[in-house]
Amino acid sequence: MNINDNGLNIKEVEHNRTQYGSNTISITKNNKFINILMASLSDPIIKILLIALGIKIVFLFQDFDWYETIGILIAIFVASFISSVSEYGSEKAFIKMQEEASKIKCRVKREGKVSEISIDEVVTGDLVLLEPGDKIPADGYLIKGEITVDESSLNGEAKEIYKEPIDSWKNTINDKNKVYRGTVVYSNTAYMKVTQVGENTLYGKITHELEEVQPISPLKVRLTNLAKIISRIGYVSSFLVSFSYLFSVIVINNNFDVNLIRETLTNFPLITSHILYALTLSVTIIVVAVPEGLHLL
């Protein structure tokens with residue numbers, strides 16, 4: 001195809017939109033703040049603190065240890081609430097950015113005339129006029145002119161990329177001919193032919209990948225692994241301390257006398273107080289071992 005073509009007519013536009021789809025990118029809006037907050041409670045660190053909180057609440061009826069109990073509650077609230085607010089804010093900003101992107105205008109050649117339309121109205125086969133500052137509305141290749149583009153929105157590299165039209169003799173398309181939705185024209189003027197629109201564009205595929213799976217930074221992966229290791233050490237340590245305490249008060253303090261040990265075990269009020277104290281030691285060790293602020297990172 002060459003630039004002397006008049007572009008698509010009305011019937012071809014409707015046919016291509018029906019056959020290849022529109023240039024809109026759907027936005028999923030199913031994550032409410034309460035859902036994000038509840039999901040944050042499934043974090044291993046938060047689960048440990050919730051268990052510790054439950055045990056401390058039971059202990060309130062015996063020793064009224066309000067300070068540590070309130071401290072655990074505040075740690076859970078701060079860690080979960082702040083991380084949820086951050087994630088919710090990022091999602092809202094992403095949705096707003098997508099909605100703003102759908103309002104962008106572009107110039108296409110149809111029926112021999114260049115007219116301005118919304119980016120959502122672009123269809124496969126359209127001839128789009130590209131000028132400096134324009135955001136490219138779809139994926140395609142250049143058929144006339146040459147431009148430099150900023151592809152940092154796709155690959156993170158903030159440098160000018162040179163693009164040239166396809167070789168009319170070879171009729172082959174390579175990377176130097178291809179342009180992508182979401183990239184910005186730096187300089188010069190060219191015409192492109194649209195080959196992919198909407199969710200079939202590279203930009204559309206990346207958008208849905210980001211919606212479905214939130215990328216985890218290497219730092220967060222390391223911190224999560226560190227938290228798991230610390231938590232396991234806390235579990236083992238709390239078990240050993242509790243076991244040592246119960247062994248001491250039940251066996252050692254009774255001089256390994258089987259009769260005295262049996263009396264201690266059958267003395268319900270006494271053995272209950274020993275068990276509760278052992279659990280108190282376990283909770284204390286777990287709370288000290290678990291890095292409450294690690295979840296915020």
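Per residue, the solvent-accessible area of segment 133-284 (1.4 Å probe, heavy atoms of protein chains only, all protein chains present) comes to 61 Å². Measure out, as a whole number of angstrom, how far apart the alpha-carbon centroids of segment 149-169 and segment 103-127 sit. Spelled out, the Cα-based centre of one part sits 21 Å from the other.
In the context of the full protein assembly, Phe247 retains an accessible surface of approximately 80 Å², using a probe radius of 1.4 Å and ignoring ligands and nucleic acids.
The heavy atoms of Leu226 present about 80 square angstrom of accessible area, all protein chains included, probe 1.4 Å. Most tightly packed first, judged by the mean number of other beta-carbon atoms within 10 Å of their residues, the peptides 153-162, 186-195, 135-144, 199-208 read 135-144, 186-195, 199-208, 153-162.
At an R0 of 41 angstrom, the distance between the Cβ atoms of Ile10 and Glu157 translates into a FRET efficiency of 0.55. Modelled this way, with points 7 Å down the Cα-to-C-beta line, the labels at Ala39 and Ile173 are 3.5 nm from one another.
The H on the amide N of Asp139, modeled in the peptide plane, is under 5 Å from the matching H of Arg181, Thr195, Gln196, each at least 5 residues off or on a different chain.
The values are calculated or read from the model by the stated rules, or taken from the named source; none is laboratory data. Please read all numbers here as calculations on a predicted model, not as lab measurements. Note: ideal-geometry Cβ built from the backbone for every residue, glycine included; neighbour counts use all protein chains shown. SASA here: full protein model, heavy atoms, side chains in, ligands and nucleic acids out. Shrake-Rupley method; radii C 1.70, N 1.55, O 1.52, S 1.80 Å.
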